[in-house]
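Enquirer: Before I ask anything, here is the structure I am working with.
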Amino acid sequence: MSSMTATELRRAFLAFFEQRGHTVVPSASLIPHDPDLLFTVAGMVPFKPYFLGEQQPPFSRATTVQKCVRAGGKDSDLEEVGRDARHLSFFEMLGNFSFGDYFKHDAIPMAWDMVTNLFGIDPDVLWVTCHVTDDEAAEIWRDEVGVDASRIQRLDADNWWGPPGGPPGPCGPCSEIYVDKGPAYGPEGGPAHGGEERFLEIWNLVFMQFARDVGGVDTELPKKNIDTGAGLERILGVLQGVDSVFDTDVLARLVETAQRVTGTRLGAGERSDISLRILAEHARTMSFLVSDGVFPSNEGRGYVLRRVIRRAVREAYLLDVADLVTPDLVDTTVEIMGESYPDLVKHHDFVRNVVAREEERFRATLRSGTNLLDAELDKLPDGASVSGSVAFLLHDTHGFPLELTREIGLERGHDVDQAGFDAEMAEQRRRAKEARKSGGGGASEVYAELAEQFGPTEFVGDDHYEVDAVVIGVTDDSVVLDRTPFYAESGGQVGDTGWITSDTGRAEIVDTVHGAPGVVRHKIGTLEGELEVGQSVRAAIDGERRDAIRRNHTATHLLHWALREVLGEHVKQQGSLVAPDRLRFDFSHYEALTDDEIRRIEDLVAHDVLANPPARHYETTKAHAEQIGAIAFFGDKYGDVVKVLEAGPHSTELCGGTHVKALGDIGPVKIVSEASIGSNIRRIEAVSGTGPLELLRADEARIKAAADVLGVATAELVDAVERRVAEAKELRVRVRELERQAASGRAGELAAAAVDGVVVTRVDGLDRDALRDLAVAVRDVPGVRAVVLGSAPESGGVALVAAVAPDSGLHASELIADAARAVKGGGGKSAELAVAGGKDPSALDDALALARAAAGIG
């Protein structure tokens, strides 16, 4: 048997299939284009559009080593990770694929050649399974490959790809290769009847040969596909002769790092072994997710990442580790995986920082949250659930994902009251799903029918602001044309406004959206007369408004480039709004922008605008766009033909919006605000064109108004303000001195009312500082041992001050401790002079009574 490292296995596998006519395709991102998936969960996911016939593949054969994550949704293995020797949340899948090229007669012998010759596994320990209906595959294994018939077993559901009875789409039988690990691992009988641990599946061949219709009937596909694969880590275990994936070279290094950073050795205890395995396994998951553009957050993929990181941190906490552990785990991941995944090396520092910051945040609340949960679990009777309110408190205040609370609870035999948690969450998530249902199904059907009958609306607005068109549909509030200069809201750019005019009527268009994919819906504000289906009309957009939108949209692309130049390539668009009066750009970044960074960004944009290079906006193939480095965005789906914007020499991105012809058309660009809108998501707003001029005029008007108030010229405004500030400071000093003198004058009067050398009284109208000065003046009158004064200042609230003589035997803070609580406040702990505040002036008299009691004169 060949003993390979993980790196050697990746290389050998890809070379094996490349020599057999396969195109080596790099691993796709962990963030798939498939809206039904959180993550790329299998090697075939990037090729799904080819298998479904949605896109034409650029090659007939492909081979990949695909990074995968199964840590969210129905595909999640997260809860099992660390508790056994085989479950992983991150893994690599080896695969070879045929898109209508070869089929079983080639795929089966290639798989056997790979397993027996490339991997060097003894054929005598191999078994094969085929579907009960797939005699063809069984015969190929027996007659062409030479596998003994006694080692070929037939299975039903386990050897079928696609659930019985649905859903419609490609499906077919599959065939698997198993390794017999020997009698020590369980009873004989082959994969069908023997021990589950004894017979280990190491390769799966899926034969997509049928198309299933809605009635569940399968018909032969004219072009049949092959999808094969298996986990690299599982194959490594066989080749390296180890039973646990954690003993393979790719994970053993991470286990060693987990031992080093925790100071705990594997084998010290069953629970600590679980912790070490979780730390080692989660290292790759968190590193690759961040590298591929996922940020810790409370939604979607970001929530899964946050859960993975916090799950690992909690395991370190259980091992009494006080220092950060995730940075070292990231470093080791990059060391062992970086050669095969260069992006991981490129993003190393960024990944390390993001993960470390998340660990720091969670550690800040982990101890208090754990103590709270432990106390709750201690109180629960056997089998009882953690209340929804406690789970929500842990989630909302202490950053515990619900699943982590459940996992900790289940370790001690207690689940979580899901219904109670959901009820608590409802208040925070009041943005009801009902909002998504407010589209009106009847109208949608009308637009879908128009799309089917007439095809997509022809958009001519890149070059024309007015065109003649024909009305093909009219609804209560909208009109549809066969061609239009109106841009429909998309990609952050707002829809156009304007007018549609016919011989019988004129409609003001207040917005433009898509009624159905490809069908442009012009929303009517006011309608004079009528518009009828079949009429010829003149469609004209508000050209001045569109020009402003063009400027802002191209400016958005320049800002994106400049942000990446200044902040780093981790910056990725997370959303945008392009309107006529402003632009808004949301992007991934982990801290606020400094004033210097904003200036550098603005300067970069200004340099390109002033150079006035052309802005080229054109259609090309997706492959060509990728070749020239056009930036695409996660979550966006693109067809074979895409639109590319080359905004000068530095910015090349995919974009279907409207843009200027040359960068000088944009005019000046000014960032007007920058803020956080979520975890690791920042937002800038900016203006372009005449916007900065309007902003400048508004600022000038404010400056002039301020100068007029001070009675100086605008050029002298700063000096005048500085003088006024200095004068105000001087006046405040004089006022304070007068207040002190006044306090000294009242001190004798208040001291005269002392009882046993103690003065406790109410003096309204004084703020805290003046009250303190007065208390000190009273205390310094001969014969006064202590003084407590209370006030309800005009600014609101309550002020309390206690001052005692050094030889009084009294403690200032103790005199007003109960009084401060009575007015719903608190204060200092000084022995000789204590100041406290409160929120409830109505309780001041009662509070002073408590102070008298504390002083022994009540």
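Enquirer: Can you give the three extents of the C-alpha atoms in region 73-137 along their principal axes, from longest to shortest, in whole Å?
Expert: 40, 30, 24
Enquirer: I would also like to ask the following. What is the helix-to-structure angle for 717-751, meaning the angle in degrees between its Cα long axis and the longest Cα principal axis of the chain, kept from 0 to 90 and rounded to the nearest 10?
Expert: Its long axis makes an angle of about 50 degrees.
Enquirer: A further question follows. Dimensions of region 531-579 along principal axes (Cα, Å, largest first)?
Expert: Extents along the principal axes: 54, 21, 12 Å.
Enquirer: Also: Could you please report the charge total around LEU731, scoring K, R as +1 and D, E as -1 over all other residues with beta-carbon less than 11 angstrom from its beta-carbon?
Expert: +2
Enquirer: Same structure, new question: HN-Hα J couplings of region 677-683 from phi, Karplus 6.51/-1.76/1.60, θ = phi - 60°, integer Hz, Gly and Pro as x?
Expert: These are the phi-based 3J(HN,Hα) values: 10, x, 5, 6, 10, 10, 9 Hz.
Enquirer: Compare the peptides 35-44, 412-421, 720-729 by average per-residue count of other Cβ atoms within 10 angstrom and give them in order, highest first. Provide the component values of the computation, followed by the final result.
Expert: Numbers: 35-44: 20.0, 412-421: 16.3, 720-729: 11.6.
Answer by packing, highest mean first, reads 35-44, 412-421, 720-729.
Enquirer: Here's another thing I want to ask about it. Determine the dipole magnitude for region 1-86: charges of +1 sit on the beta-carbon of Lys and Arg, -1 on that of Asp and Glu, nothing else is charged, the reference point is the Cα centre, and the result goes in debye to the nearest 20.
Expert: Dipole about the Cα centre, nearest 20: 300 debye.
Enquirer: Please label the shape of region 626-739 as rounded, prolate or oblate, based on the square roots a ≥ b ≥ c of the eigenvalues of the alpha-carbon gyration tensor (a/c under 1.5 means rounded; beyond that, a/b larger than b/c means prolate, else oblate). Don't skip to the end; give the middle numbers.
Expert: On the way: a/c = 5.10, a/b = 2.47, b/c = 2.06.
In terms of gyration-tensor shape, prolate.
Enquirer: Along the charge dipole of the chain, which of PHE350, LEU738, GLY657 sits closest to the positive end, that is, farthest toward it, with unit charges on the beta carbon of Lys, Arg, Asp and Glu (+1, +1, -1, -1)?
Expert: LEU738
Enquirer: Can I ask one more? In whole angstrom, note down how far apart the Cα centers of region 275-334 and region 824-858 are.
Expert: Each part's Cα centre sits 49 Å from the other's.
Enquirer: Which option, [x] 1.26; [y] 0.93; [z] 1.43, is the value of Cα Rg over 2.2 N^0.38 Å that was calculated from these coordinates?
Expert: The value matching this structure is [x].
Enquirer: Let me ask you something else. Suppose every Lys and Arg Cβ carries +1 and every Asp and Glu Cβ carries -1, with no other charges. What dipole size does the chain come out with about its Cα centre, to the nearest 20 debye? Don't jump to the answer; show the numbers that get you there.
Expert: On the way: 91 positive and 139 negative charges, 478 e Å.
Charge dipole of the chain: 2300 debye, to the nearest 20.
Enquirer: Which loop GluC sites (Glu not before Pro) in region 172-214, with loop taken from DSSP, have no more than 15 other Cβ atoms within 10 angstrom of their Cβ? Don't skip to the end; give the middle numbers.
Expert: Values: sites: GLU176, GLU188, GLU196, GLU197, GLU201; in loops: GLU188, GLU196, GLU197.
For GluC sites (Glu not before Pro) across region 172-214 that sit outside H, G, I, E and B with at most 15 neighbouring Cβ atoms in 10 Å, the list reads GLU188, GLU196, GLU197.
Enquirer: Follow-up question, since we're still on this one. For region 87-132 and region 711-786, compute the distance between their C-alpha centroids and round to whole Å.
Expert: One Cα centre to the other: 88 Å.
Enquirer: Hey, which lysines would be in cross-link range of LYS829, C-alpha to C-alpha under 20 Å, not counting anything within fewer than 8 residues on its own chain?
Expert: LYS839
Enquirer: Next up: Return the carbon/sulfur percentage of the accessible area of the chain, one whole number, probe 1.4 Å, all protein chains in place. It would help to have the intermediate numbers written out before the result.
Expert: Working: 19330 of 39410 Å².
Of all accessible area on the chain, carbon and sulfur atoms account for 49 percent.
Enquirer: Helix-only mean residue ellipticity at 222 nm, the chain, DSSP H runs n ≥ 4 weighted -39,500 (n - 2.57), per residue, nearest 500. What is it?
Expert: On the way: 24 runs with 332 residues, N = 858.
Helix contribution divided over all residues of the chain: -12500 deg cm²/dmol.
Enquirer: Given C-alpha coordinates of region 593-681, what is the ratio Rg to Rh with the Kirkwood estimate of Rh?
Expert: Details: Rg = 15.2 Å, Rh = 14.9 Å.
Rounded to two decimals, Rg over Rh is 1.02.
Enquirer: Within region 568-675, which GluC sites (Glu not before Pro) sit in a loop by DSSP and count at most 16 neighbouring Cβ atoms inside 10 Å?
Expert: On the way: sites: GLU569, GLU591, GLU597, GLU602, GLU619, GLU626, GLU646, GLU653, GLU674; in loops: GLU569, GLU591.
The qualifying sites are GLU569, GLU591.
Enquirer: Which shape class, rounded, prolate or oblate, goes with region 259-375 when its Cα gyration tensor gives a ≥ b ≥ c as root eigenvalues, a/c under 1.5 marks rounded, and past that a/b bigger than b/c marks prolate? Numbers along the way, then the final one.
Expert: Numbers: a/c = 2.12, a/b = 1.30, b/c = 1.63.
Oblate.
Enquirer: Under 8 Å for C-alpha pairs, at least 6 residues apart: give me the relative contact order for region 664-732, rounded to a whole percent. The partial results should precede the final answer.
Expert: Values: 53 pairs, mean separation 14.0, N = 69.
The normalised contact order for region 664-732 reaches 20 percent.
Enquirer: Another question, then. List the relative contact order of the chain as a percent without decimals, with contacts defined as Cα pairs under 8 Å and 6+ residues apart. Present the calculation step by step, with values, prior to reporting the outcome.
Expert: On the way: 1644 pairs, mean separation 50.8, N = 858.
Here the relative contact order equals 6 percent.
Enquirer: When the Karplus curve 6.51 cos²θ - 1.76 cosθ + 1.60 is applied with θ = phi - 60°, which whole-Hz ³J(HN,Hα) does each residue of region 80-95 get, with x for Gly and Pro?
Expert: Rounded to whole hertz, the list is 8, 4, x, 8, 9, 9, 9, 6, 9, 8, 10, 8, 10, 10, 7, x.
Enquirer: Take the Cα radius of gyration of region 493-557 and divide it by 2.2 N^0.38 Å, with N its residue count; two decimals is plenty. Working shown, then result.
Expert: On the way: Rg = 13.4 Å, N = 65, 2.2 N^0.38 = 10.7 Å.
Dividing the Cα Rg of region 493-557 by 2.2 N^0.38 Å gives 1.25.
Enquirer: Place +1 on the Cβ of every Lys and Arg and -1 on the Cβ of every Asp and Glu in the chain, take the dipole about the Cα centre, and give the residue among ALA836, THR228, LEU289 whose Cα lies farthest towards its positive end.
Expert: So the residue furthest toward the plus end is ALA836.
Enquirer: Specify whether the C-alpha gyration tensor of region 1-108 places it in the rounded, prolate or oblate class, a ≥ b ≥ c being the square roots of the eigenvalues: rounded for a/c under 1.5, otherwise prolate if a/b is larger than b/c and oblate if not.
Expert: Numbers: a/c = 2.24, a/b = 1.21, b/c = 1.85.
Oblate, because a/c is 1.5 or more while a/b does not exceed b/c.
Enquirer: Right, here's the next one. Filter the cross-link list LYS67/LYS643; LYS622/LYS670; LYS622/LYS661; LYS523/LYS670; LYS346/LYS643 down to pairs whose alpha-carbon distance in this structure exceeds 24 Å.
Expert: Numbers: LYS67/LYS643 29 Å; LYS622/LYS670 33 Å; LYS622/LYS661 22 Å; LYS523/LYS670 32 Å; LYS346/LYS643 28 Å.
In this structure, LYS67/LYS643; LYS622/LYS670; LYS523/LYS670; LYS346/LYS643 exceed 24 Å between Cα atoms.
Enquirer: Follow-up question, since we're still on this one. Please report, in debye to the nearest 20, how large the charge dipole of region 779-858 is about its Cα centre when each Lys and Arg carries +1 at its beta carbon and each Asp and Glu carries -1 there.
Expert: Working: 7 positive and 9 negative charges, 25 e Å.
In total the dipole reaches around 120 debye.
Enquirer: With every protein chain present, what is the per residue accessible area of the chain (1.4 Å probe, Å²)?
Expert: On the way: 39410 Å² over 858 residues.
Value returned for the chain: 46 Å² of accessible area per residue.
Enquirer: Once both labels are modelled 7 Å past Cα along the beta-carbon direction, what's the THR620-THR397 spacing in nm?
Expert: Distance between label points: 5.6 nm.
Enquirer: Please compute, over every Cα-Cα pair in region 116-245, the percentage with a separation greater than 22 angstrom. Spell out each step's value before the answer.
Expert: Values: 3406 of 8385 pairs.
Cα-Cα pairs in region 116-245 separated by more than 22 Å: 41 percent.
The values are calculated or read from the model by the stated rules, or taken from the named source; none is laboratory data. Remember, it's a predicted structure, so these values are computed and weren't measured experimentally. Heads up, the Cβs are rebuilt from the backbone with ideal geometry, glycines too, and the neighbour counts pull from every protein chain shown. Remember, those area values only see protein heavy atoms, side chains included, never the ligands or the DNA or RNA. Shrake-Rupley method; radii C 1.70, N 1.55, O 1.52, S 1.80 Å.
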